[in-house]
Amino acid sequence: MTYKNVTVAGSGVLGYQIAFQAAYHGFNVIVYDISDEVLEQAKSKFNWMCKAFRKDLRATQEQLDTTFDNLSYTSDLAEAVKDADLMIEAIPEIPEIKVEFYEKLANLAPEKTVFATNTSTLLPSQFAESTGRPAQFLALHFANKIWMHNVAEIMGHPRTDPKVFDEVVAFATNIGMVPMPLYKEQPGYIMNSLLAPFIDAGLQLLAKEVADPHTIDKTWMIVTGAPVGPFGILDTIGINTAYNITKMSAERTQSPVRFKAVKYLKEQLIDQNKLGAATGEGFYSYPNPAYMNPDFLK
Ligand code: NAD
């Protein structure tokens, strides 16, 4: 089946980007959220998206007008999914909220509707039963700033119908993504399975006082030719997120080095309001971080 009607549930950081991206590529998109007030906020974010699409993708006014024509909004879930070919869920990363949502949706959506979750850290098999249609359920995972970082990781669970999997891969291509099909379930997908240990290794070098952040980044950048090292990446992710992830991993592993890294992030950065690129300072100062200066690698 070729999809035409798409429902995006949740209009937060990722949801509104997914909705806009699909509408830009010609799909009929209904944005669903828990209240009309939240949906109003989403609409104002779409105006911001227009600026980004103009600047980054050279989108024309005509393309943007059509995008808005393709978008509609409702806080009534039955209405939102009544003719959906695909429902993409981007609601909070809290298992109980997702389960409750899928149980409700299972009774409201027509038989044809395929459900996809954008979860970052959970696995589709955790929710397959509550969807009432495990064969038509899988993960379709986007990265923040999806129009630029246009990777879509597609990950089924053991009972996902391969035909549905292929349809979702095709859908991802049709909305301008580069689809990355995963053969099996993997916490963190491909991207975070690579990134998390990399960042962790950088922080451990820092916590052990082996070298300073800029030296660690320079080493990585010169040797691999990468445009940024682990600490430059951390500034983009945001220091609060890095702190939360490292704290969880320190508690899980009871690793003294990771606890030291947590202390460093808290005392040297968070307590001094150095929260990364978004606040103008983290391991580097913005808008022109030192690692972007060609002399940095000399
Ligand atoms: P967010 O908190 O910004 O947005 C969540 C939205 O869901 C809000 O608009 C909220 O009103 C709405 N919501 C809450 N309960 C709901 C319900 N029962 N039904 C419908 N909508 C409901 O969250 P986010 O950062 O956009 O993350 C959403 C999902 O996307 C999560 O699963 C997250 O793991 C995943 N994700 C996030 C990122 C990221 O960078 N933020 C990247 C990839 C994937």
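The values are calculated or read from the model by the stated rules, or taken from the named source; none is laboratory data. Computed from a prediction, not measured in an experiment: that's the story for all the values here. Note: ideal-geometry Cβ built from the backbone for every residue, glycine included; neighbour counts use all protein chains shown.
What to note about this one:
- Among the residues of the stretch 114-134, those that are over 20 Å from the mean Cα position of the chain (by Cα) and surrounded by fewer than 17 Cβ atoms within 10 Å (Cβ to Cβ) comprise E129, G132.
- One residue alone among M1, M87 is surrounded by 19 or more Cβ atoms within 10 Å (Cβ to Cβ) and under 24 Å from K163 (Cα atoms), and that residue is M87.
- Taken together, the residues in the stretch 169-199 that are touching a Ser or Thr at 6+ places or on another chain (Cβ under 9 Å), more than 17 Å from L122 (Cα to Cα) and assigned to a helix (DSSP H, G or I) amount to 4.
- Among the candidates K145, K163, residue that is surrounded by fewer than 16 Cβ atoms within 10 Å (Cβ to Cβ) and modelled with pLDDT under 95: K145
- The listed residue being surrounded by fewer than 17 Cβ atoms within 10 Å (Cβ to Cβ), more than 11 Å from the ligand (Cβ to nearest atom), at pLDDT below 95 and not polar (S, T, N, Q), out of K82, K51: K51
- Residue in the stretch 38-48 that is near the ligand (Cβ under 10 Å from one of its atoms), assigned by TED's automatic domain parsing to the domain that holds A170, of a type in the set (S, T, N, Q) and at pLDDT below 95 present: yes
- Check on K218, at pLDDT below 95, closer than 26 Å to S285 by Cα and either within 16 Å of the ligand (Cβ to nearest atom) or in a helix (DSSP H, G or I) (or both): no
- Elements of type strands (runs of 3 or more DSSP E) contained in the stretch 1-116, each with 2 or more residues being of a type in the set (D, E): none
- Residues being closer than 15 Å to A19 by Cα and not β-branched (V, I, T) - total across the stretch 76-106: 7
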